[in-house]
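What follows draws every value from the coordinates through simple rules; no lab data is involved. All values reported here derive from a predicted model rather than from experimental measurement. Cβ: placed from backbone, ideal geometry, glycine included. Neighbour counts: every protein chain shown.
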Amino acid sequence: MDSTGEPTHARCAIAGCGWCDRDGLECRYCRGTGWWRPERPYREVSGVIVWSRIDEPCRGCAGTGKEHGPVVAS
């Protein structure tokens, strides 16, 4: 992934991935963007723990924007 937030590849690292080859499996964690904004704690000098948002490649889809192993509605 590059600094603009766009995936550097259209697929995951698995050749012939069954999930990436399908349409409409947008990742529910990043909504298909490949990036998510989790919160990370850090301790201020005063000792107070503060939560801040960070941007990082989505762990749910490995930054591909397509979820691998989505929940199937029954």
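Just a few scattered comments:
- Approximate spin-label separation Ser46-Asp21, in nm, with each point projected 7 Å along Cα-to-Cβ: 5.7
- Per residue, the convex hull spanned by the Cα atoms of region 18-63 measures out at 61 cubic angstrom.
- In nm, spacing of pseudo-spin labels at Ile54 and Arg37 (7 Å Cα→C-beta vector): 1.6
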